[in-house]
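Worksheet for the structure shown next.
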Amino acid sequence: MEPSTDMNEFRYLLRTSKNIVAVAGAGLSAASGIPTFRGSGGMWRKYNAVELATPEGFSDNPSLVWQFYHYRREVALKAAPNNAHRALSLFSLPSIRNQIAPSSTFTLVTQNVDGLSPRSDKEISEIYPEALDQPQQVQPRLIEMHGRLFDVLCTDENCRHIEFNTKSPICESLAGTEILVEKNTLDPDIDIQSLPRCSQCGSLARPGVVWFDEVPHHMDVIDNIIEQADLCIVVGTSSTVYPAAGYADIVQDNGGNVAVFNLERSQNDENADFLFLGPCEETLLDAFS
Ligand code: BV8
Ligand code: ZN
């Protein structure tokens, strides 16, 4: 059976579901100017992001991987949350959610590392401080399961110092390399000593994100939320990266409903109960209004 496109039917589900989880991917931030991984925009036209976002990729060529992440840091620093981030942030405010879906819980599990969802949550909570007065749900409103672009992590196993660092550029040697990306020129080979170093022990630092073959953060909390969920909203993801890509199936196998919000068709969306094709910065706003 094809997924429903009936927005009123979905809004009814939004009002009657008890434990709602949203699973987001790069498409949530596309309208903010953050390139997606696999879309036509091409995260980094020259290289395959999947090869760079790995421990092997980093140990083979830390200069190249740091240029990849420096480029994304600089793009994210210039970006701002869009209406899709804001729609999810608003819905996560207890009093706002209780008006739409009384005594429900809501968690956004994002694969994104750009920091736009926490920034949106902060902005929205400052606009509606009273909306936080209501009793808070037990589980977190937001989980960044793949880590954070601006976390800088020490590579020394005996140190493992981590700090939130939004310095632009993060170090002199990377300054200006983000411009080379657009020009498709050969990337400079930066000496490892000139790459970002740990502020505690001086060892080589790495981006504090979860690479392929590394274990995502908060897996136990996420697994529990997914087990409890009776509605899973899948937003702006190609649903090709696990374990996130498998969450909708678990909710559906447990008798819950799945709604996919995407610009185009994505993996397994034919099994969804609802499918809303279009820019999520419009469709999500429409759904929650
Ligand atoms: C793990 C952080 C073990 C770094 C990222 C074989 C089969 C199955 C699985 C595997 C396998 N081999 C290996 C695996 C596991 C592997 C995996 O899934 N590989 C894939 C490639 C097959 N997964 C892992 O290694 C994970 N770890 O499994 O550990 C474990 C697990 C549990 C418990 C114990 C042990 C770790 C994966 C994390 C990798 N790190 N990011 C960084 O960002 O640099 S993944 C990276 O891809 C990003 O996080 C990104 O978010 C994510 C997924 O991509 P999408 O977000 O979906 O982005 P994409 O570009 O693909 O799609 C964008 C979508 O948006 C499109 O559909 C587009 O149409 C849509 N869109 C665009 N604009 C809009 C829009 N939609 C709406 N509105 C718009 N305006
Ligand atoms: Zn260190």
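The values are calculated or read from the model by the stated rules, or taken from the named source; none is laboratory data. From a predicted model like this one, the values you see are computed outputs, not experimental measurements. Neighbour counts are summed over all protein chains in view; Cβ atoms, including those assigned to glycine, are modelled from backbone coordinates with ideal geometry. Surface accessibility is based on the protein's heavy atoms, side chains included, excluding ligands, DNA and RNA. Shrake-Rupley method; radii C 1.70, N 1.55, O 1.52, S 1.80 Å.
For the range 151-165, the set of residues classified as open to solvent by 20 Å² or more (accessible area, probe 1.4 Å) and among the aliphatic types (A, V, I, L, M) consists of L153, I162, listed by residue number. Restricting attention to the range 109-150, which residues are open to solvent by 30 Å² or more (accessible area, probe 1.4 Å), part of a helix (DSSP H, G or I) and of a type in the set (D, E, K, R)? Listed by number, the residues that qualify are R119, K122, E123, E126, E130. Residues in the range 226-252 that are of a type outside the set (G, A, S), outside any helix (DSSP H, G or I) and either open to solvent by 20 Å² or more (accessible area, probe 1.4 Å) or farther than 25 Å from V138 by Cβ (or both): D230, T237, T240, V241, Y242, P243. Take the residues of the range 181-197 that are without any contact (Cβ under 8 Å) to a residue 40 or more places away in the chain and either within 16 Å of ligand 1 (Cβ to nearest atom) or surrounded by 12 or more Cβ atoms within 10 Å (Cβ to Cβ) (or both): which is nearest to the chain's Cα centre (by Cα)? Only one residue tops the list, namely R197.
Within the range 166-178, the set of residues being touching a residue at least 24 places away in the same chain (Cβ under 8 Å) and either of a type in the set (S, T, N, Q) or open to solvent by 30 Å² or more (accessible area, probe 1.4 Å) (or both) comprises T166, S168, P169, T177, E178. Among the candidates F58, F68, the residue that is over 26 Å from I226 (Cα atoms), of a type in the set (F, W, Y) and more than 18 Å from the chain's Cα centre (by Cα) is uniquely F58.
Looking across the range 200-252 at every residue that is within 9 Å of ligand 1 (Cβ to nearest atom) and acidic (D, E), the one that is farthest from T105 (Cα to Cα) is identified as D213.
Within the range 253-289, restricting attention to residues that are open to solvent by less than 30 Å² (accessible area, probe 1.4 Å) and touching a Ser or Thr at 6+ places or on another chain (Cβ under 7 Å), the residue that is modelled with the lowest pLDDT is S266. Checked against the criterion of being under 23 Å from A248 (Cβ atoms), surrounded by fewer than 23 Cβ atoms within 10 Å (Cβ to Cβ) and within 18 Å of the chain's Cα centre (by Cα), the candidates A30, A80 yield just one match: A30. A residue that is of a type outside the set (V, I, T) and over 27 Å from G246 (Cα atoms) cannot be found anywhere in the range 48-56. Taken over the range 198-222, the residue count meeting the criterion of being free of Cβ contacts under 8 Å to residues at least 24 places away in the same chain and of a type outside the set (A, V, I, L, M) is 2. Evaluated against (1) open to solvent by 30 Å² or more (accessible area, probe 1.4 Å); (2) over 26 Å from Y242 (Cα atoms), M219 falls short on exactly one condition, (2). One residue alone among A49, A101 is within 22 Å of S266 (Cα to Cα), open to solvent by less than 20 Å² (accessible area, probe 1.4 Å) and either basic (K, R) or at pLDDT below 95 (or both), and that residue is A49.
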